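The values are calculated or read from the model by the stated rules, or taken from the named source; none is laboratory data. Every value quoted in this text rests on a predicted model; they were computed, and no experiment measured them. Positions of Cβ are generated from backbone atoms using ideal geometry, with glycine treated the same way; all protein chains shown enter the neighbour counts.
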Amino acid sequence: MSGPTRLGAREAVALVADSFTELPYGDQEPAPDGPLAWPGYDVSRARAAERTGESESVVCGTASVEGTRAVLIAFEFGFLGGSLGQRTGDRLEAAYTYAREHRLPVVPLVATGGSRMQEGMLALTQLQRVARQSALTREAGLPQIAVLRDPTTGGGWATLGAGADVVLALPGAQVGFAGSRVRPPDADPAAYTAQAQVAAGSADAVVAPERLRETLGRWLRLLTHPSGEPAPVPRALGAADPPDSGWDAVQRARSPQRPRAGHYLDAYFTHRLAISGDRCGGTDPDGMLCGFGEHEGRTVAYAAQTGAATRPAGYRTATRLIRLADRLGIPVLTLVDTPGAANDAEAERQGAGAAIAELFGAVATARTPVTTLVIGEGGSGGALALAAPGRTWATPDSYFSVIAPELAAAILKRPPEEVEATANQLRIRPQDLAELGLIRTDG
């Protein structure tokens, strides 16, 4: 079985760009054999330049990607393994500065083996320089979308790659902090792949080369069209009449026939793209759906519970989504539907409390408007963390409760036959919540 195709910098640019104009570099003439006077360094650079046609390991320029302008940063792995040296740092800093001055998103097309040995610690400290440029660009409210090529390792992965807002990867690409020559001899090579990084929550998607331009273009359009207007409330897709009792509300919300998050998202968005993973080693695809989509010509971010117990990685992914949308000025839609937060031992080991706390904080401090619709079960704090104070609506086949009626009865030491009465006492129906001033009925 052959490995992934290794694209050169210009080939990678051609794969995604409609047009490309290289930025002027103003490279300074390097000292003989570099800053460390490393014997043979000049010969190695000359050989790399002759082989690749490039004068450094990175090519930077402005491009149109499916009609959206962006700054592209394309690494040339054939030039000393795409390694970062001082001149690489110069070019990267200039590219990020240009992006901020012209309000353009940044797209690193990464293929690198790490820092350049022949420049020692001076090469390694370029990572700090790159990290600062990325942070300044983030503070400026400009999106960064990385594309991981083969290979993406070392500091290039730990800054330009993993530090991007959205991380896409080509199939089969080697991706990991440890390159192939520095790993333990018994390391599982499958852990250092694009697919493994997506599964671990460190990248968002693996995209086939023939679909990369279209996918990247969609991401750029979605993330570069901020809107200060709140996301409109989705229309209810299920029952039209309010429930007769609290227990009726619970039964409706738990019905397998009730529309779930996927139905609401499909009805609401013309098209949407998902983000995946909490960037801490976890994903929750069965409990939380997050991403950006187009609704009536506007970009809206979404975080939607699916009706399952939400795991810590799901809460952290939603936090990541809301903070990114807030930074880019994109309104957020949240759909509440969970019996509660996952409460097994593994969830505790994964930091359930801290993950929920972070989400509460992200919603509370968001400057962009957050709109919430309760579409099913609103189970305690695990549901409330995703709800926007003062901007929450509920469908007729939903409920919201301090705790599930069965658990409330157990805590109050009531027999099982009093569960239904307890549900009524909790006042969990949508109309009860409206009377209590906890949800809105306008819109």
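Please work out which residue is surrounded by the most Cβ atoms within 10 Å (Cβ to Cβ), limiting yourself to the range 376-402 and to residues that are touching a residue at least 60 places away in the same chain (Cβ under 8 Å) and of a type in the set (A, V, I, L, M).
My answer is LEU386.
Output the number of the condition that ASP90 fails; it satisfies all remaining conditions of (1) within 27 Å of THR224 (Cα to Cα); (2) outside any helix (DSSP H, G or I).
If we test ASP90 against (1) within 27 Å of THR224 (Cα to Cα); (2) outside any helix (DSSP H, G or I), just (2) comes out false.
Out of ALA99, ALA49, I need the residue that is assigned to a helix (DSSP H, G or I), crowded, with 21+ Cβ neighbours inside 10 Å and at pLDDT 95 or above. Which one?
On inspection, the qualifying residue turns out to be ALA99.
How many of the residues making up the range 145-163 are crowded, with 23+ Cβ neighbours inside 10 Å, within 27 Å of ARG272 (Cα to Cα) and out of contact with any helix residue (DSSP H, G or I) (no Cβ under 8 Å at 6 or more places or on another chain)?
Result for the range 145-163: 2.
From the list VAL175, VAL182, which one is β-branched (Val, Ile, Thr), in the same structural domain as ARG138 (by TED's automatic domain parsing) and either farther than 27 Å from LEU104 by Cβ or surrounded by fewer than 19 Cβ atoms within 10 Å (Cβ to Cβ) (or both)?
Values: VAL175 fails: either farther than 27 Å from LEU104 by Cβ or surrounded by fewer than 19 Cβ atoms within 10 Å (Cβ to Cβ) (or both).
Answer to the selection: VAL182.
What are the residues in the range 7-46 that are in contact with a strand residue (DSSP E or B) (Cβ under 9 Å, 6 or more places away or on another chain), part of a loop (DSSP other than H, G, I, E, B) and exposed (fewer than 15 other Cβ atoms within 10 Å of the Cβ), if any?
Correct list: ASP18 only.
Which one of the conditions (1) under 19 Å from the mean Cα position of the chain (by Cα); (2) assigned to a loop (DSSP other than H, G, I, E, B); (3) among the hydroxyl-bearing types (Ser, Thr, Tyr) does SER180 fail to meet, given that it meets all the rest?
(1)
Quick one: which of THR306, THR368 is more than 26 Å from ALA239 (Cβ to Cβ) and at pLDDT 95 or above?
Unique residue meeting the criteria: THR368.
Please specify each residue of the range 242-254 satisfying the condition of being assigned to a loop (DSSP other than H, G, I, E, B) and either modelled with pLDDT under 95 or in contact with a Lys or Arg (Cβ under 9 Å, 6 or more places away or on another chain) (or both).
Here is the first cut: in the range 242-254, the residues assigned to a loop (DSSP other than H, G, I, E, B) are 242-245, 254.
Scanning the range 242-254 gives PRO242, PRO243, ASP244, SER245.
Do the conditions hold for ARG320, that is, is it surrounded by fewer than 22 Cβ atoms within 10 Å (Cβ to Cβ) and in a helix (DSSP H, G or I)?
Criteria not met by ARG320.
Quick one: which of PRO230, PRO259 is under 24 Å from ALA309 (Cα atoms), part of a loop (DSSP other than H, G, I, E, B) and at pLDDT 95 or above? Before the answer, list the steps.
Values: PRO230 fails: under 24 Å from ALA309 (Cα atoms).
Unique residue meeting the criteria: PRO259.
Does any residue of the range 280-288 turn out to be assigned to a loop (DSSP other than H, G, I, E, B), closer than 21 Å to ALA318 by Cβ, polar (S, T, N, Q) and modelled with pLDDT under 95?
no
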